[in-house]
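The values are calculated or read from the model by the stated rules, or taken from the named source; none is laboratory data. What you see is a predicted model; the values in this text were computed from it and never measured. Cβ placement follows ideal geometry from the backbone for every residue including glycine, while neighbour counts extend to all protein chains displayed.
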Protein chains: 2
Amino acid sequence: MKISVVRNILEANDRIAQQNRDLFKESGLMVINLMSSPGAGKTSLLEKSIDALKGDLRIGIIEGDIQSSQDAERIARKGVPVVQINTGGACHLDGNMIRDTFGEFNFREIDLLVVENVGNLVCPAEFRVGEDFKVMILSVTEGDDKPTKYPLMFRESKVLLINKIDLLPYVDFSLEKIKEDSLKINPDLTIFRISCKTGEGLEDWHNWLRKQVKTRKEDR
Amino acid sequence: MKISVVRNILEANDRIAQQNRDLFKESGLMVINLMSSPGAGKTSLLEKSIDALKGDLRIGIIEGDIQSSQDAERIARKGVPVVQINTGGACHLDGNMIRDTFGEFNFREIDLLVVENVGNLVCPAEFRVGEDFKVMILSVTEGDDKPTKYPLMFRESKVLLINKIDLLPYVDFSLEKIKEDSLKINPDLTIFRISCKTGEGLEDWHNWLRKQVKTRKEDR
C-alpha cells in the first residue's frame with residue numbers, strides 16, 4: 001500500500017518533470033540539478049562558478065530550501081536572476097515546484113539554469129525536476145564511505161564534485177577509495193576534485209561545463 | 001490529498017512509536033534517537049562513547065542505513081550488541097523498523113539503547129521511533145547557517161553536539177552564531193562542543209549521559 005502511494009507520486013512527478021524538460025529544451029537552455037548533503041558547498045560553488053562563467057554564459061539559479069532565503073540572497077549579490085523555493089518541510093524539490101517558478105524567468109535569456117536542491121543525500125536523487133543531468137557534491141569532511149551508503153545519489157549523477165580538498169590534510173579521507181567505490185556504482189561518473197575556498201580544480205569544472213552548454217546548443 | 005497521506009503515515013507511526021516507548025520504559029532502558037547529516041560523525045561518536053561508558057552502562061545500538069552494514073561492523077568491534085537496519089531506500093527510520101529488531105535484543109540487559117538514524121538533516125526529525133529524546137550532531141564543516149535552514153531538527157532535539165571542533169581553525173564557522181540561532185529555535189537545547197578525533201569535550205557529554213540514565217532509573 002505504502003509502496004503504491006510512493007510509486008504514484010514518483011510517476012506523477014516524472015510526467016511533470018518531462019514537461020519541464022521539453023520546455024527547457026525548446027527554450028535552448030541547459031538545466032542542472034545540483035545535490036549534496038547540507039553544508040557540502042552547493043551555494044559556495046555557485047558563487048564561484050557564476051563569477052567565473054558569467055562573461056560566457058547567461059546563468060539563472062533556483063534555490064531550494066525547506067525554509068529561509070539566505071542562499072537566494074547570497075546568489076542575488078552575484079547579479080544573476082534567482083528564485084527561492086521554500087518547500088515548507090519537504091526534503092527535496094519536485095517537478096511541480098520548478099514549474100511554479102516559470103513566471104519568474106525569461107528562459108530565452110538564459111543559457112544555463114542551475115537548480116540547487118535541498119541539502120539531502122537521499123531523497124532528491126529520486127525526483128527529477130526536468131534537468132539535463134544531475135551533479136552531486138561530496139565534501140571530504142563527510143568521509144569516504146558514502147558511495148556504498150548512499151548509492152542512488154552516485155548512480156543518478158553525471159558528475160561528482162569532491163569539494164573541500166583544502167581540508168584533506170586534516171581529515172581521514174582517501175581520494176582513491178572514493179574514486180574506486182563511486183565508479184563501481186556508476187562507471188560513467190565524471191569526477192572533479194575542487195576547493196571552493198582556494199579555487200583549486202574549479203577551472204577544469206568550468207571548462208567542462210562551458211563545453212557541455214556549447215555542445216547542447218550545437219545539437220539543437 | 002498528498003498532505004492527508006503524509007499525515008496518516010505520521011499518525012500511524014506515532015502510535016507504533018508510543019508502543020515501542022512503553023515497552024522500553026517497562027524494560028527500564030533509556031533510548032536515544034541520534035540524527036545528523038551524512039558524515040557528521042554519528043558512528044565515530046558511538047565508538048568513543050561506548051569505550052568511555054561501557055564500564056558503567058550496558059549499551060545496545062541500532063544502526064540505520066539505506067544500504068550496507070559498515071556501521072554495524074564498526075560498532076560490533078566494540079563488543080556491544082548491535083543490529084543493522086537497511087531501509088532499502090527510505091530516508092529515515094520509523095517505529096515499525098525499530099519494532100522489527102526487538103527479537104534481537106534482551107532489553108533487560110541493556111541500560112542505554114542508541115538508535116543511529118539514516119544520515120539526513122530533514123526527514124528523521126519527523127518520525128519518532130520510541131525514543132526518550134533526540135540528539136543531533138552538527139559538524140563545524142557544515143557551516144553555521146544550518147539552524148535557520150533546517151529548523152525542525154534543532155526544534156525536536158534535546159541535545160546538540162557540535163562536532164569536529166578540531167577543524168575550527170580551517171573553516172568559517174562561528175560557535176556564537178550557532179549557539180544563538182539554535183537557542184532561538186529551541187531555548188531548551190543542551191549544547192556540547194566536541195571532537196571525536198581529539199576527544200575534546202567528550203567527557204562533559206559522557207557525564208551528562210550517565211546522569212540522564214541514572215535519573216531515569218531512579219524515576220522508575
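How many residues, within segment B:28-57, are surrounded by fewer than 16 Cβ atoms within 10 Å (Cβ to Cβ) and either touching a strand residue (DSSP E or B) at 6+ places or on another chain (Cβ under 7 Å) or assigned to a loop (DSSP other than H, G, I, E, B) (or both)?
Selection size over segment B:28-57: 4.
From B:102, B:133, which residue is touching a helix residue (DSSP H, G or I) at 6+ places or on another chain (Cβ under 8 Å) and either hydroxyl-bearing (Ser, Thr, Tyr) or surrounded by fewer than 24 Cβ atoms within 10 Å (Cβ to Cβ) (or both)? Break it down stepwise before answering.
On the way: B:133 fails: touching a helix residue (DSSP H, G or I) at 6+ places or on another chain (Cβ under 8 Å).
Going through B:102, B:133 in turn, just one is touching a helix residue (DSSP H, G or I) at 6+ places or on another chain (Cβ under 8 Å) and either hydroxyl-bearing (Ser, Thr, Tyr) or surrounded by fewer than 24 Cβ atoms within 10 Å (Cβ to Cβ) (or both): B:102.
Taking segment B:148-167 only, how many residues are touching a residue at least 24 places away in the same chain (Cβ under 8 Å) and closer than 30 Å to residue B:12 by Cβ?
From segment B:148-167, those touching a residue at least 24 places away in the same chain (Cβ under 8 Å) are B:148, B:150-167; that's our starting set.
If we keep only those that are closer than 30 Å to residue B:12 by Cβ too, we end up with B:150-160.
Qualifying residue count, segment B:148-167: 11.
Pairs only if they're at least six apart or on different chains, beta carbon under 9 angstrom, first in segment A:206-220 and farther than 14 Å from residue A:29 by Cβ, second in a helix (DSSP H, G or I); list them, first residue then second.
A:206/A:48; A:206/A:49; A:206/A:52; A:206/A:53; A:210/A:53
Just wondering, is there one or more residues in segment A:83-95 that are in contact (Cβ under 8 Å) with a residue 60 or more places away in the chain, over 26 Å from residue A:23 (Cα atoms) and not small (Gly, Ala, Ser)?
Checking segment A:83-95: not a single residue is in contact (Cβ under 8 Å) with a residue 60 or more places away in the chain, over 26 Å from residue A:23 (Cα atoms) and not small (Gly, Ala, Ser).
Right, residue B:174: among the polar types (S, T, N, Q) and over 23 Å from residue B:128 (Cβ atoms) or not? Before you say what the answer is, go through the steps one by one.
Working: among the polar types (S, T, N, Q): yes; over 23 Å from residue B:128 (Cβ atoms): yes.
Spelling it out, residue B:174 is indeed among the polar types (S, T, N, Q) and over 23 Å from residue B:128 (Cβ atoms).
Quick check: anything in segment B:168-186 touching a residue at least 12 places away in the same chain (Cβ under 8 Å) and under 23 Å from residue B:51 (Cα atoms)? Before the answer, list the steps.
Looking only at segment B:168-186, we keep the residues that are touching a residue at least 12 places away in the same chain (Cβ under 8 Å), and these are B:168, B:171-175, B:177-179, B:181-182, B:184-186.
Remaining after also requiring under 23 Å from residue B:51 (Cα atoms): none.
Looking for residues that are touching a residue at least 12 places away in the same chain (Cβ under 8 Å) and under 23 Å from residue B:51 (Cα atoms), one finds none in segment B:168-186, hence no.
Just to be sure before I move on: is residue B:64 within 14 Å of chain A (Cβ to nearest Cβ) and in a loop (DSSP other than H, G, I, E, B) in the structure I sent? Step through it out loud before you land on a result.
Working: within 14 Å of chain A (Cβ to nearest Cβ): yes; in a loop (DSSP other than H, G, I, E, B): no.
No; evaluated as a whole, the condition is false for this residue.
All but one of (1) in a helix (DSSP H, G or I); (2) modelled with pLDDT under 95 hold for residue B:17; which doesn't?
(2)
When you scan segment A:88-191 for helices (runs of 4 or more DSSP H) that lie fully inside it, which ones turn up with 3 or more residues that are closer than 18 Å to residue A:33 by Cβ and within 11 Å of chain B (Cβ to nearest Cβ)? Write out each step before concluding.
Numbers: elements: A:95-99, A:146-149, A:151-156, A:175-185.
Fully inside segment A:88-191 and qualifying: A:151-156.
Determine the pairs where a residue that is within 14 Å of chain A (Cβ to nearest Cβ), located within segment B:15-44, has a partner that is surrounded by fewer than 18 Cβ atoms within 10 Å (Cβ to Cβ) and basic (Lys, Arg) with Cβ atoms under 6 Å apart, the partner being 6 or more residues away or on another chain.
If the second residue must be surrounded by fewer than 18 Cβ atoms within 10 Å (Cβ to Cβ) and basic (Lys, Arg), the pairs left are B:43/B:74.
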